[in-house]
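The values are calculated or read from the model by the stated rules, or taken from the named source; none is laboratory data. Given the structure is predicted, the values throughout are model-derived calculations rather than measurements. Cβ placement follows ideal geometry from the backbone for every residue including glycine, while neighbour counts extend to all protein chains displayed.
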Amino acid sequence: MNSMREVEVVVIGAGQAGLSSAYHLRRTGFEPDRDFVVLDHSPGPGGAWRFRWPSLTYGKVHGMHALPGMELTGADPARPSSEVITEYFAEYERAFDLRVRRPVDVRAVREGEDGRLLVETSDGTWSTRALINATGTWDRPFWPRYPGQETFRGRQLHTAQYPGPEAFAGQRVVVVGGGASGTQHLLEIAEHAAATTWVTRRPPVFREGPFTEEYGRAAVALVEERVRQGLPPKSVVSVTGLPLNDAIRQGIEDGVLDRRPMFDRITPDGVAWNDGRHSRHIAADVILWATGFRAAIDHLAPLKLREPGGGIRVEGTRSVADPRVHLVGYGPSASTIGANRAGRAAVRDIRRLLAEEPVAA
Ligand SMILES: Cc1cc2nc3c(=O)[nH]c(=O)nc-3n(C[C@H](O)[C@H](O)[C@H](O)COP(=O)(O)OP(=O)(O)OC[C@H]3O[C@@H](n4cnc5c(N)ncnc54)[C@H](O)[C@@H]3O)c2cc1C
């Protein structure tokens, strides 16, 4: 279908951030299909949760906040979070009649006529007065490059493809990355693998004591300051440090979480360090890159929102360069609670914008 359809607001992405935004649009009188559409390129509900590995059970997920207006109750902590949250999101979309269109892949957003934006998709083009971009990071796994990487004869994979620990039975696994994913992978894989090695660029920071609201706010403020300056956001988790819980303590004690500095190069059968005087090699069958994700915002490139620093400057959720564009779930709002709040804030701001600037007749 290639016809042009007109709406007031297009929401791209139906994860926590997109659904929260759609909920607030609906609550404030916007009708789905008539006034707004939600477009998502996944085959079904759940946002990125749909694709998370089976051993990430609901009980292992920390601080998953329910979407606004409907609690997630009675979930079995032993079930995979991918199932629990996908079902919850599906129910949520039905309950609030959000009519998410999928699979619809947004390929580019461009300047249109009369102050409108054109959203070009696999299912034709939408013309809109405002845009809520809620595309998350899952679609853009970050793979660093190291010398010799292409010569490695074993298997390399990223967290985004992590199949669960059983797949590594009997293998020698190098896990790269000092975040929550890397440590969770290691603790699980160590029970099945022949050997594990943990390498990180910087020494990991373990955080003692409870994760207070104040601590969370301070961490979010750090990320907020970066996006205000137009720098690429860091994940909120990267500034909060790793919680020193029982599992992590045990991993340190058992030597599973014994971190080494980043290797210098990859060889056909492992990884190697060389500081000029000493060299060391560890044989490996698998390199698992738990090296995080970047914002999936390439489709916004035609709008030229990026600053020289590489990020999009954002005040609240609004792009400073283009007030029609809101980024929800980006930078400081890249957590389930942040995405909830940001969805509400973006809708409030967009309502103001639409009221101020009636479209040219
Ligand atoms: C392993 C892992 C565990 C996490 N655990 C927690 C936790 O316990 N608590 C917490 O608060 N946060 C957690 N987070 C962060 C959390 O995932 C996010 O805060 C939140 O779920 C992200 O929601 P989102 O809507 O921004 O993105 P997503 O859930 O990624 O949704 C984005 C949606 O946009 C769609 N999309 C992307 N690009 C396009 C396009 N071009 N066209 C159309 N559709 C598109 C995707 O299909 C997807 O459905 C975790 C993250 C990871 C990686």
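Residues are listed down the side, and each one gets a yes or a no for (1) within 16 Å of the ligand (Cβ to nearest atom); (2) out of contact with any helix residue (DSSP H, G or I) (no Cβ under 7 Å at 6 or more places or on another chain); (3) assigned to a loop (DSSP other than H, G, I, E, B); (4) at positive phi:
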position: Leu257; (1), (2), (3), (4): no, no, yes, no
position: Val271; (1), (2), (3), (4): no, yes, no, no
position: Arg277; (1), (2), (3), (4): no, yes, yes, no
position: His281; (1), (2), (3), (4): no, yes, no, no
position: Gly338; (1), (2), (3), (4): yes, no, no, no
position: Ala345; (1), (2), (3), (4): yes, yes, no, no
position: Arg348; (1), (2), (3), (4): no, yes, no, no
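Within the stretch 118-145, the only residue that satisfies the criterion of being within 12 Å of the ligand (Cβ to nearest atom) and basic (Lys, Arg) is Arg140. If you check Phe51, Phe36 for being among the aromatic types (Phe, Trp, Tyr) and more than 18 Å from the chain's Cα centre (by Cα), only one passes: Phe36.
Applying the selection to the stretch 299-311, what residues are on the phi < 0 side of the Ramachandran plot and modelled with pLDDT of 95 or more? Matches in the stretch 299-311: His299, Leu300, Ala301, Pro302, Leu303, Leu305.
Has the stretch 87-107 got any residue that is in the same structural domain as Thr336 (by TED's automatic domain parsing), in a strand (DSSP E or B) and surrounded by fewer than 15 Cβ atoms within 10 Å (Cβ to Cβ)? Checked the stretch 87-107: at least one residue is in the same structural domain as Thr336 (by TED's automatic domain parsing), in a strand (DSSP E or B) and surrounded by fewer than 15 Cβ atoms within 10 Å (Cβ to Cβ).
Per the conditions (1) out of contact with any Asp or Glu (no Cβ under 7 Å at 6 or more places or on another chain); (2) surrounded by fewer than 15 Cβ atoms within 10 Å (Cβ to Cβ), the sole criterion not satisfied by Ser122 is (1). Filtering the stretch 213-239 to residues that are modelled with pLDDT under 75 and under 15 Å from Gly179 (Cα atoms) leaves Ser235, Val236, Val237, Ser238, Val239. Just one of (1) surrounded by 15 or more Cβ atoms within 10 Å (Cβ to Cβ); (2) away from the ligand (no atom under 12 Å from the Cβ); (3) at pLDDT 95 or above; (4) of a type in the set (Gly, Ala, Ser) fails for Gly115. It is (1). Within the stretch 151-177, restricting attention to residues that are more than 13 Å from the ligand (Cβ to nearest atom) and aromatic (Phe, Trp, Tyr), the residue that is farthest from Pro54 (Cα to Cα) is Phe152. If you check Pro32, Pro54, Pro43 for being within 11 Å of the ligand (Cβ to nearest atom), over 21 Å from Tyr330 (Cα atoms) and either in contact (Cβ under 8 Å) with a residue 24 or more places away in the chain or in the same structural domain as Tyr162 (by TED's automatic domain parsing) (or both), only one passes: Pro43. The set of residues in the stretch 313-335 being within 26 Å of Glu213 (Cα to Cα) and buried (at least 21 other Cβ atoms within 10 Å of the Cβ) consists of Val314, Thr317, His326, Leu327, Val328, Gly329, Tyr330, Gly331, Pro332, Ser333, Ala334, Ser335. When the stretch 27-54 is limited to residues that are on the phi < 0 side of the Ramachandran plot, in contact with a Phe, Trp or Tyr (Cβ under 6 Å, 6 or more places away or on another chain) and modelled with pLDDT of 95 or more, the one that is surrounded by the fewest Cβ atoms within 10 Å (Cβ to Cβ) turns out to be Phe30.
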